[in-house]
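Following: one structure in structure tokens, then a few remarks.
Only the coordinates and a few stated rules stand behind these numbers; no lab work does. All values reported here derive from a predicted model rather than from experimental measurement. Neighbour counts run over all protein chains shown; Cβ positions are idealised from the backbone, glycine included.
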Amino acid sequence: MRKLALTFAILIATTLYAQPKPAISGYDIEDLQGKIVALTPCAAGTVACGQTATGRVSVDSCRTSSNIYAVGYAFNGTAGQKVTISGRSPEFAATVILADGRSGNNTIYAQNDQFVDGATATISGFTLPYTGPYIILITPGVPVEFGDYTLTVTCENVSSGACVANATTACLLDGRFRVSIAFINQFANPPAPGNFLGAKLVAGSQNPDVATFGISSAQAIEVVVRVQDTRPFGLNRFDIYYGGLTDLEYTVSVTDTVKGTTKTYRNPPGTVGGSVDRTTFTAN
């Protein structure tokens, strides 16, 4: 059966029904709840890095108006952290979803669908765009299917050392700053999340503070990020510039690996622009 387009971020953020619950992991699960057809809660608690959760998608789980049932978990993540989410059921073909857990935001960042009962749905190595609450869901993804499941979350912690460049990470100012960009292609159906490929504009000391990012390659430029060291000008900060040549939704993550400071900058869908941050990153 063909998977249906899913909007479970909206389901969790605005359409769940449950009685008020105590604060969980720094924010109130009640913020994720509203009202739907099912008169039972679907928020199953929290899951953390290195944990495996088990349960059952049943008629007591939350559901959409299309009778697609799901179970959701609250998860607290750190910007720049790489997260792998795996879910399977012997009774249904699993779909796993990573969505925004902040109040008022219904973005789905990553989704993986399987089409065979017992197959493992996996979101692999997704780089989190911000520090804070997320929602992880497991669902059959088709109407009126149920079954037991296992859901596992593993994380690669943000390094406290110097930046190490890879396909989606650029290192600027001699490796002090780690830069990556997650995006959502809102024109795809369903919207398609991913991470831009990134690299220095010119590798080496000639130009150590500018990186370019694109979908097919770093040279197929969609976004440019620059870190400016202002100390030669008698100031005590690093300025972050970013600008896009795209109207895709994207989130720039910048980490000062020396001080451990991380900041994210979001470009809303349908917007072409950029900005500068002169306050977050101090030199000393």
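For G125, the amide hydrogen comes within under 5 Å of the amide hydrogens of V83, T84, I85, counting only partners 5 or more places away or on other chains and with H modelled in the peptide plane.
With a cut-off of 16 Å on the backbone N, the residues of the stretch 227-260 near the modelled label site 7 Å out from T282 along Cα-Cβ are 230-231, 235-239, 256, 258-260. F196 sits among other residues whose Cβ lies under 13 Å from its own Cβ, and their net charge, with Lys and Arg +1 and Asp and Glu -1, is -2. Couplings 3J(HN,Hα) for the stretch 150-155, derived from phi with the Karplus relation 6.51 cos²θ - 1.76 cosθ + 1.60 (θ = phi - 60°), are 10, 10, 10, 10, 10, 9 Hz, where x marks Gly and Pro.
What are the ³J(HN,Hα) couplings of the stretch 74-83, residue after residue, when phi is run through the Karplus curve with 6.51, -1.76, 1.60 and θ = phi - 60°? Round to Hz, x for glycine and proline. Working through the residues one at a time gives 7, 9, 9, x, 10, 3, x, 6, 9, 10 Hz.
In order along the stretch 270-275, the phi-based Karplus estimate (6.51 cos²θ - 1.76 cosθ + 1.60, θ = phi - 60°) of 3J(HN,Hα) comes to x, 10, 10, x, x, 6 Hz; Gly and Pro are listed as x.
Neighbours of T279 by Cβ distance under 10 Å: Lys/Arg scored +1, Asp/Glu scored -1, total +1.
For G45, the residues whose modelled amide H falls within less than 5 Å of its own, excluding neighbours fewer than 5 places apart on the same chain, are A74.
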